[in-house]
1. Within the stretch B:36-81, can you find the residues that are within 14 Å of chain A (Cβ to nearest Cβ), open to solvent by 10 Å² or more (accessible area, probe 1.4 Å) and within 23 Å of B:Gln224 (Cα to Cα)?
2. Give the stretch A:120-146 a look and list any residue that's under 22 Å from A:Leu85 (Cα atoms) and either under 11 Å from the mean Cα position of the chain (by Cα) or crowded, with 24+ Cβ neighbours inside 10 Å (or both), or say none.
3. Is the stretch A:135-155 home to any residue that is within 14 Å of chain B (Cβ to nearest Cβ) and part of a helix (DSSP H, G or I)?
4. State whether the residues of the stretch A:289-298 include one that is more than 21 Å from A:Val90 (Cα to Cα) and either part of a helix (DSSP H, G or I) or touching a residue at least 24 places away in the same chain (Cβ under 8 Å) (or both).
5. Among the residues of the stretch B:184-220, how many are out of contact with any Lys or Arg (no Cβ under 9 Å at 6 or more places or on another chain), open to solvent by 10 Å² or more (accessible area, probe 1.4 Å) and within 30 Å of B:Thr88 (Cα to Cα)?
6. Name the strands (runs of 3 or more DSSP E) wholly inside the stretch B:317-425 in which the number of residues that are touching a Lys or Arg at 6+ places or on another chain (Cβ under 8 Å) and either farther than 20 Å from B:Arg265 by Cβ or open to solvent by 40 Å² or more (accessible area, probe 1.4 Å) (or both) is 2 or more.
7. With respect to B:Gly398, determine if the residue is on the phi > 0 side of the Ramachandran plot and touching a residue at least 24 places away in the same chain (Cβ under 8 Å).
8. Against the definition (open to solvent by 10 Å² or more (accessible area, probe 1.4 Å), under 24 Å from A:Thr182 (Cα atoms) and without any contact (Cβ under 8 Å) to a residue 60 or more places away in the chain), how does B:Ser29 come out, yes or no?
Number of protein chains: 2
Amino acid sequence: MISSCTCGREAMDIVDLIQRKRDGKELTSDEIGSFLDAYMGGEVAEYQMSAWLMAAFLKGLTLGETRSLMDAMIASGETLDLSPLGRTVVDKHSTGGVGDKVSLVLGPLVASCGAVFGKMSGRGLGHTGGTVDKLESIPGFRTTLDSGAFISQLQEVALCIAGQSPELVPADDRLYALRDVTATVDSNPLTAASIMSKKVAAGADVVALDVKVGSGAFFRNRGQAAGVAHLMQQLGEARGMQVVILMTSMEQPLGHAVGNAVEVREAIETLGGNGPGDLVELVTALAAELLSRAGLGLDREQAAQKAAACLESGAALEKMEQWIAAQGGDPACVREPEVLALAPVERTLKATTDGFVSSLDALTVGQAVFALGAGRRRRGDPVDHGVGAVVQAKVGDGVAAGQELATVYARSGAAADVAIAALGAAYSFSEERVEPPPVAETGPIC
Amino acid sequence: MISSCTCGREAMDIVDLIQRKRDGKELTSDEIGSFLDAYMGGEVAEYQMSAWLMAAFLKGLTLGETRSLMDAMIASGETLDLSPLGRTVVDKHSTGGVGDKVSLVLGPLVASCGAVFGKMSGRGLGHTGGTVDKLESIPGFRTTLDSGAFISQLQEVALCIAGQSPELVPADDRLYALRDVTATVDSNPLTAASIMSKKVAAGADVVALDVKVGSGAFFRNRGQAAGVAHLMQQLGEARGMQVVILMTSMEQPLGHAVGNAVEVREAIETLGGNGPGDLVELVTALAAELLSRAGLGLDREQAAQKAAACLESGAALEKMEQWIAAQGGDPACVREPEVLALAPVERTLKATTDGFVSSLDALTVGQAVFALGAGRRRRGDPVDHGVGAVVQAKVGDGVAAGQELATVYARSGAAADVAIAALGAAYSFSEERVEPPPVAETGPIC
């Protein structure tokens, strides 16, 4: 006997909210707020939220619903009030890529140019790394800071990157963990509400969003990336935040280094003026956007010139040193790269013929480095800071037979062999030179 | 940092199955079987199953997937093997209605005509009652029987109606409870797989499906009902079962009595040849379908004549007595209706003007009787066997001002007043006589 009980309304409200989303109806701000509150309070079960998330995934959320969800997520925890600093605070977020060490360079760079850079960052999951994991390659570096320490450091050093505080947006942790195991991650409104709730709660005035598109990115196609980027901008602006979007390519790894310690080494080289062209170009573009909005009286062109000067002068590298020391890390790593220990088994991949690199698949490289132990399969898993790869040859580079294309750092010969084979498969070659993909679309897209 | 982990396949199969259903892909029989096994074994979490159910609800299941789901549900428990009886066993299922005491009449009727009728039945939920609850109005009647007792009774009495055995299709209990709280009940393939898994596991050779359509039914529109009916037939036939479908009206209650004991009283009157016209018509139609497929050498017309004769002769009523005694109930109730105790507060609803009953809303009547305590809001709640209503005046009946339209049996005056007011609202009147809705479409539809 089956029955849809239409008696006893008071017990039915949760199911009714799931049903209305299932039927494509728009929920009010109060309804979404109550639903999320009840979830955080344990009245809405995980299996009810996952059904709602799947309905939202398949039926979509309106802009109003997405904003309500973000607002409810923010209200689930504390928010940082950075107004006592009396300064414009800038922040940056990337949707994740392979070899993406941009924050490690951008933070010290804009701080050395006079801006205040305050960022809370996640840990890596799957084949893309996380800034916090990379920073923890530095001996002694603390990524767990309370709000007071975060604000003090912004006052003293104008630069702080800490792990996501559990007091901020606790709903996001629970929702993301649930989405991850119920095939509801890849949704524009859910993704936008997740990212922007954390950005708003962390208190910055200006956020640059680096939205990556391509093989190694969360977004494989430009249309979806542009949609979510625009949505994130609308969500931030609704909360009084300036949001600038850059859409950038993730067909091949960014720079050469992929891993943890090996990426910090490359970030330090870049701050010392010796960075790879694509990384320097992207960091400079983001710095120009942030500095021109940081209340420093600089337009975008002046901001880009100032950034170049700070890389040139060593000011950016000095800021890196100062920052590492402020968070308890060993600042010697800035002058002595070997402080950032790499795994002991080093193998190289060599070209077998003459030609040009025509593609270097970012996902394949990311997965190879993940398999070495640099990433985590599940939250809470440890990562190996010393393993990684350096892909010297990139798209458009000419290579000769026998030339070194890439190096891996592994814990065993067997693991190194697997990684070398994977990297070999990531490369394609052509007889004619192929233009590398442009790093970023010119200027902000939104 | 967001990432969709494409590393570590072995941990991802569950999410992959959810994702493929989410994307509208067809899953194989093995995949659905493994998914349900893993759910029953605790490897697939409730929140993963509910996400899958919502995806299945919104994207649909193919016939193959629906059959695979039914097969996997059947395989989750034991099945009854009725072949040792050496007889064709017939069964019947209703999708639920108001005043639906058909099984209480049909079982003894077809058994008295020479067929073997074996049925496992559910309990009521919401405004529709359940056969097992109604039977428990009879003092001493046992509805919990093990497989051995069920088969023995079929051998001795040719008639047994027991509660759903927990050993059969345990997956259905868990899935239904989950669907009930995640707004995924109202899905044709999920509904069809649920019903037919239980019918197949219970071992009958022939099943008559009474698919009700209208205000008081699970299905409000004929199109949806016909779709699920056809699907159930295909599922049954795939397992070698003969399935005959009758689509029947549930715009007004069936017969006059609505409740538990009060419905058993009406069933007994009907078996004694004094039943309401619509109930007799429906029971006779179903009996003709079952008897003509029961290996008795009767065609449908002969079967209908035999059924009418058994009602007339008292054979059907004798079978009722024999059956009640076999299941431990007090057979005196067949001759002494007061053995089936009604609640003490009796009130009547009277017509305020002359005219004709133009409608009597089944859902409103069902909810009124539910509110008196005859139904349960949640599984496991107790029901009150004594409360109920008798709606004497039905659609097409002429009434005079002051004439009794309906009677309620309640536990308190206040409850009776509420029920009377609700029944008053269920009736509509007209000056011209309105034809009552036909009980059933002529003949089986599939």
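1. Within the stretch B:36-81, B:Phe57, B:Leu58, B:Lys59, B:Gly60 meet the criteria.
2. A:Met120, A:Ser121
3. Yes, there is a match, as at least one residue in the stretch A:135-155 is within 14 Å of chain B (Cβ to nearest Cβ) and part of a helix (DSSP H, G or I).
4. So the first thing to find is which residues in the stretch A:289-298 are more than 21 Å from A:Val90 (Cα to Cα), and the list is none.
Looking for residues that are more than 21 Å from A:Val90 (Cα to Cα) and either part of a helix (DSSP H, G or I) or touching a residue at least 24 places away in the same chain (Cβ under 8 Å) (or both), one finds none in the stretch A:289-298, hence no.
5. 4
6. Working: elements: B:345-350, B:355-360, B:388-391, B:404-410.
Correct list: B:355-360.
7. On the way: on the phi > 0 side of the Ramachandran plot: no; touching a residue at least 24 places away in the same chain (Cβ under 8 Å): yes.
So B:Gly398 fails the test.
8. Numbers: open to solvent by 10 Å² or more (accessible area, probe 1.4 Å): yes; under 24 Å from A:Thr182 (Cα atoms): yes; without any contact (Cβ under 8 Å) to a residue 60 or more places away in the chain: yes.
Spelling it out, B:Ser29 is indeed open to solvent by 10 Å² or more (accessible area, probe 1.4 Å), under 24 Å from A:Thr182 (Cα atoms) and without any contact (Cβ under 8 Å) to a residue 60 or more places away in the chain.
The values are calculated or read from the model by the stated rules, or taken from the named source; none is laboratory data. Not measured: the values here are computed from a predicted model. Positions of Cβ are generated from backbone atoms using ideal geometry, with glycine treated the same way; all protein chains shown enter the neighbour counts. For the accessible areas, the whole protein counts, side chains as well, though only heavy atoms, and no ligand, DNA or RNA atoms are used. Shrake-Rupley method; radii C 1.70, N 1.55, O 1.52, S 1.80 Å.
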